[in-house]
Amino acid sequence: MARDKLVLAYSGGLDTSVAVKWINETYDMDVIAYTCDLGQGQDIEAIRQKALRTGAIDAVAEDARNLFIDYFVWPSLMAGALYEGKYPLATALGRPLIAQLMVRVARQHGAAAVAHGCTGKGNDQVRFDVTFQTLAPDLRIVAPVREWKWTRTQELEFAAAHGIEVEATKKSIFSTDQNLWGRSIEAGILEDPWVEPPAETFQWTVDPRQAPDQPEEIEITFDHGKPVALDGQEKDGIELIDDLNKLAGKHGVGRIDHIENRLVGIKSREIYEAPAALLLHEAHRELEFLTLSKESLRFKTQVSQAYADLIYNGLWFSQLHQDLMAFTISNQQYVSGTVRLKLFKGHALTVGRKSPNSLYRHELATYEEGDQYDASAALGFIKIHGLGQTTQAKHQLLKGKSGPRLELPSIIPPDKAK
């Protein structure tokens, strides 16, 4: 009798390689390994071949970079999604796409289950599980690392006993994940928030103190909120992000040190490298200042936070996301133009912006010749604008008094007051 099949998110590392054999033995299921390229800089064909050697009955590897950028990264950028105002959500954006593609592979192969290598302590388990439960509630979810709770030594012993390839027996001092949109680095010495991240933490950015002594200016062009060109040259998403990662990284731009509130209730110290993401968010926001009304900007701030929380919390495939995206698309219809940035010693400073849809009008802002602003209307406007406050002052705040009471209430309990 044929065994049930399971699709495993396979990275080629120790955890998922051990998981292939562990699933075979523990659940009596055949494993189909799934690997996709989101720009993590690995040879996915080599990973696919390793999965087959490790015992998977089949292995699928595909390039999903364009899907990732067009349907996950760009929407998050248009929405201005930065978790807690800092994290551009690189890892968080990749998980729902991987899970969605795994469900597709599961359907194609008639699998009964899906599996991932997440621990029971992080956010990724939520992002995978919730996506699976949403898109394919009939599929069983297996999480080997969350279930077995082994030490690394026990994993290595299991690998040796089953002839599983292990490229290194010494664990890296950090836990890392990366794709085109950024690198996430945690654990080891970084768990002490007082300690400055050592040099080996970073791979994409130079130490800002060692960056070039001359600044470099670049221009990024957007169309309806999406970046489309660098220095006047049109580029696809992959090339644009890759070029910006290199340009910004060369100047030490893109480092983030964040005390982060995880979904599972833990505060963790996270280090991120996201040169392109930080540049694009900075430029995009500056273009919004030029092209969006005051009211739209204020409301967009609320949407950006809700959008970032939604992504971080693994709710990409929710109706709320559809609703927020509908607003974002409408909100971005006039966000087209070019922003000029100066890169220097770890900083990216906006020094120019222009748009055919600009709401900044020189004829209204200037104090020089050509001023079309009607200053004579200001007096009446000021009276109407302040009418509520002046009315309250006349009939309440100043009634029988020399002025409003502005003293702060005491915060010291009366029995201890001196």
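The values are calculated or read from the model by the stated rules, or taken from the named source; none is laboratory data. These figures come from a predicted structure and were not determined experimentally. Don't worry about glycine lacking a Cβ; one is built from the backbone with ideal geometry, like all the others, and counts go over all protein chains shown.
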Check your understanding: Pick from segment 287-310 the residues that are crowded, with 19+ Cβ neighbours inside 10 Å and charged (D, E, K, R): which of them is farthest from TRP194 (Cα to Cα)?
Key -> GLU288
Review point. Would you say LEU190 is among the aliphatic types (A, V, I, L, M), at pLDDT 95 or above, in a helix (DSSP H, G or I) and within 24 Å of the chain's Cα centre (by Cα)?
Key: no
Point to revise | Matching option when the condition is outside any loop (DSSP other than H, G, I, E, B), more than 20 Å from LEU190 (Cβ to Cβ) and either at pLDDT 95 or above or outside the structural domain of PRO193 (by TED's automatic domain parsing) (or both), among ILE256, ILE220 | key: ILE220
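Residue by residue, here is whether (1) over 30 Å from LYS354 (Cα atoms); (2) buried (at least 18 other Cβ atoms within 10 Å of the Cβ); (3) not assigned by TED's automatic domain parsing to the domain that holds HIS281 holds:
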| position | (1), (2), (3) |
| --- | --- |
| THR131 | yes, yes, yes |
| PRO144 | yes, yes, yes |
| GLN154 | yes, no, yes |
| LEU180 | no, yes, no |
| SER184 | yes, yes, no |
| LEU190 | yes, yes, no |
| ARG209 | yes, no, no |
| GLN214 | no, no, no |
| HIS224 | no, no, no |
Exercise for review: State which residue is nearest to the chain's Cα centre (by Cα) when the search covers only segment 347-362 and only residues that are surrounded by 14 or more Cβ atoms within 10 Å (Cβ to Cβ) and of a type in the set (Lys, Arg).
Suggested key: ARG353
Study note, to complete from the structure: In segment 191-244, residues that are in contact (Cβ under 8 Å) with a residue 60 or more places away in the chain, closer than 28 Å to GLU260 by Cβ and out of contact with any Phe, Trp or Tyr (no Cβ under 6 Å at 6 or more places or on another chain) total 19
Exercise for review: Determine, yes or no, whether THR134 is assigned to a helix (DSSP H, G or I) and touching a residue at least 40 places away in the same chain (Cβ under 8 Å).
Suggested key: yes
Check your understanding: How about segment 107-128: which of its residues are in contact (Cβ under 8 Å) with a residue 40 or more places away in the chain, not hydrophobic (A, V, I, L, M, F, W, C) and not in a loop (DSSP other than H, G, I, E, B)?
Key -> HIS109, ARG127
Study note, to complete from the structure: Flagged pairs (Cβ under 6 angstrom, 6 or more apart or on separate chains; first in segment 19-33, modelled with pLDDT of 95 or more; second surrounded by fewer than 23 Cβ atoms within 10 Å (Cβ to Cβ) and assigned to a helix (DSSP H, G or I)) are MET29/ILE23; VAL31/ILE23; ILE32/HIS109
Check your understanding: Does GLU363 satisfy the condition of being assigned to a helix (DSSP H, G or I), modelled with pLDDT of 80 or more, closer than 26 Å to THR291 by Cα and not small (Gly, Ala, Ser)?
Key -> yes
Check your understanding: Considering only segment 26-81, how many residues are assigned to a helix (DSSP H, G or I), surrounded by fewer than 16 Cβ atoms within 10 Å (Cβ to Cβ) and charged (D, E, K, R)?
Key -> 3
